[in-house]
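Here the structure is laid out as structure tokens; the discussion comes afterwards.
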Amino acid sequence: MNKTNLTNNIYSPPGQKEDKTNDKETHKRIIDYLNEKAEKSFKSTTKKTTSLIDSRLTEGFIEEDFYKVIDNKVLAWLEDAKMSVYLRPETLFGNKFEAYLNEVPRMAKNGNEKVKRDKEVSRNRFANFEQTFTKYSNKELDEIIKKSQKVKFEK
């Protein structure tokens with residue numbers, strides 16, 4: 001007999017098979033969330049990943065705690081090339097899980113670069129060219145160009 005037959009035979013406690021199914025669904029939801037947020041592609045079925053998640057669940061943590069840890073660390077590490085490699089189950093769900101859970105969410109050292117880039121006003125004069133170009137008619141653009149040229153050459 002192999003191990004799966006021993007755990008799922010008729011002598012197993014009534015809820016055991018159901019619990020394993022629920023665990024698999026929990027593992028999948030947690031890892032899917034990690035993959036989405038951290039832009040990764042981990043599997044929820046690997047032995048190491050399932051054992052890490054099971055260990056934290058056995059310690060009394062709940063599924064939402066995993067999401068909070070993922071959110072905290074993605075916010076801090078995703079845009080940091082050095083730290084983003086640590087956005088993995090082994091690091092996030094390991095022995096520092098509780099510390100990560102209790103961290104106050106904060107940006108990376110230099111701030112979250114993506115947020116900075118999104119909010120930063122471009123210093124490039126042509127950054128909004130497409131918007132500007134489609135905003136005005138050809139006649140209006142010609143007038144704007146003439147005015148700007150007139151100002152340049154009058155100086």
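In table form, for the structure just shown:
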quantity	calculated
The range 23-113, accessible surface, carbon-and-sulfur percent (1.4 angstrom probe)	49
Calculated SAXS-style log₁₀ I(q)/I(0) at q = 0.17, 0.29 Å⁻¹ - the range 24-84, Debye, Cα scatterers	-0.57, -1.27
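The values are calculated or read from the model by the stated rules, or taken from the named source; none is laboratory data. Since we're looking at a predicted model, the values are computed, not measured. When the accessible area is computed, the model is the full protein with side chains, heavy atoms only, and any ligands, DNA or RNA have been set aside. Shrake-Rupley method; radii C 1.70, N 1.55, O 1.52, S 1.80 Å.
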